[in-house]
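Take a look at the structure set out below.
The values are calculated or read from the model by the stated rules, or taken from the named source; none is laboratory data. Small disclaimer: the values here were computed from a predicted structure and weren't measured. Cβ placement follows ideal geometry from the backbone for every residue including glycine, while neighbour counts extend to all protein chains displayed.
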Amino acid sequence: MKKIILASGSPRRKQLLELAEIPFDIIVAETDEAYPSELSSEEIAMHIAENKAVAVQHKLQAEYNGAAQTILAADTVVVLANKIIGKPKNREDGISILSNLSGTIHKVITGVCILTDENKLLFSEETEVEFYPLSDSQIEYYIDHFKPYDKAGAYAIQEWIGAIGIKAIKGDFYNVMGLPISRVVRELNLQQQTKK
């Protein structure tokens with residue numbers, strides 16, 4: 001597979017591309033993560049992913065003379081009872097978020113944008129995650145030891161909280177980590193075959 005640009009500083013997305021043995025460089029650009037209020041959760045994730053990809057495309061055009069590149073961007077949102085749960089602002093907010101997720105089923109939606117000079121592909125992937133009831137001490141231990149302040153929903157499924165707290169998942173596990181990597185690989189392969 002040809003080298004792509006990952007428009008994300010996320011260590012999880014970097015790890016997943018490495019796992020799939022996709023060659024890539026990382027280029028990130030400042031992006032406004034605001035969105036129109038009428039968008040659905042899926043549309044919000046895709047809207048932000050598209051904005052990230054376009055911002056990197058503009059940066060490439062400005063700094064690298066517009067060399068044609070395939071840009072991959074993604075945004076992950078956590079949805080509980082039709083409400084988007086963002087990244088925790090502080091310890092108390094993290095505890096509150098995990099208390100709300102405890103014993104419930106929520107959705108994790110990742111919007112993906114694959115952008116080239118000739119083409120733009122947008123899609124989203126949804127995974128349902130069910131938590132066992134979590135005790136206050138489990139929640140506080142996780143927040144204090146793992147500090148998930150950069151994670152939507154205040155948790156990472158691949159960390160301690162996922163090992164002890166997840167009852168079931170329906171859908172792509174890696175999507176919860178931040179990238180539906182198997183679908184991304186299929187889409188990139190399709191795109192590169194089409195170009196030949």
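Summary of values
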{"quantity": "Among (1) more than 28 Å from residue 191 (Cα to Cα); (2) touching an Asp or Glu at 6+ places or on another chain (Cβ under 8 Å); (3) of a type in the set (Val, Ile, Thr), the one test that residue 78 misses", "calculated": "(2)"}
{"quantity": "Test: residue in region 28-37 that is closer than 25 Å to residue 186 by Cβ and either crowded, with 21+ Cβ neighbours inside 10 Å or out of contact with any Ser or Thr (no Cβ under 7 Å at 6 or more places or on another chain) (or both)", "calculated": "no"}
{"quantity": "The one condition in (1) in contact with a Leu (Cβ under 8 Å, 6 or more places away or on another chain); (2) surrounded by 17 or more Cβ atoms within 10 Å (Cβ to Cβ); (3) not aliphatic (A, V, I, L, M) that residue 102 fails to fulfil", "calculated": "(2)"}
{"quantity": "Evaluation of residue 86 against (1) within 20 Å of the chain's Cα centre (by Cα); (2) modelled with pLDDT of 95 or more (one fails), failing number", "calculated": "(2)"}
{"quantity": "Residue match in region 81-88 (condition: under 23 Å from residue 162 (Cα atoms), crowded, with 23+ Cβ neighbours inside 10 Å, out of contact with any His (no Cβ under 8 Å at 6 or more places or on another chain) and of a type outside the set (Ser, Thr, Tyr))", "calculated": "yes"}
{"quantity": "Hits in region 8-38 - residues which are out of contact with any strand residue (DSSP E or B) (no Cβ under 9 Å at 6 or more places or on another chain) and at pLDDT 95 or above", "calculated": "15, 16, 19, 20, 21"}
{"quantity": "Cross-chain or 6+ apart pairs with Cβ under 7 Å, region 162-177 first and closer than 16 Å to residue 132 by Cβ, then of a type in the set (Ser, Thr, Tyr) and loosely packed, with under 15 Cβ neighbours inside 10 Å", "calculated": "165/132; 167/132"}
{"quantity": "Unmet criterion (only one of (1) within 18 Å of residue 9 (Cα to Cα); (2) modelled with pLDDT under 95) for residue 184", "calculated": "(2)"}
{"quantity": "Test for residue 66: is it under 20 Å from residue 130 (Cα atoms), of a type outside the set (Asp, Glu) and modelled with pLDDT under 95", "calculated": "no"}
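One line per residue, one yes/no per condition, for (1) under 24 Å from residue 92 (Cα atoms); (2) crowded, with 20+ Cβ neighbours inside 10 Å; (3) in contact with a Leu (Cβ under 6 Å, 6 or more places away or on another chain):
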| residue | (1), (2), (3) |
| --- | --- |
| 121 | no, no, no |
| 124 | no, yes, no |
| 128 | no, no, no |
| 133 | yes, no, no |
| 137 | yes, no, no |
| 151 | yes, yes, no |
| 166 | yes, no, no |
| 175 | no, yes, no |
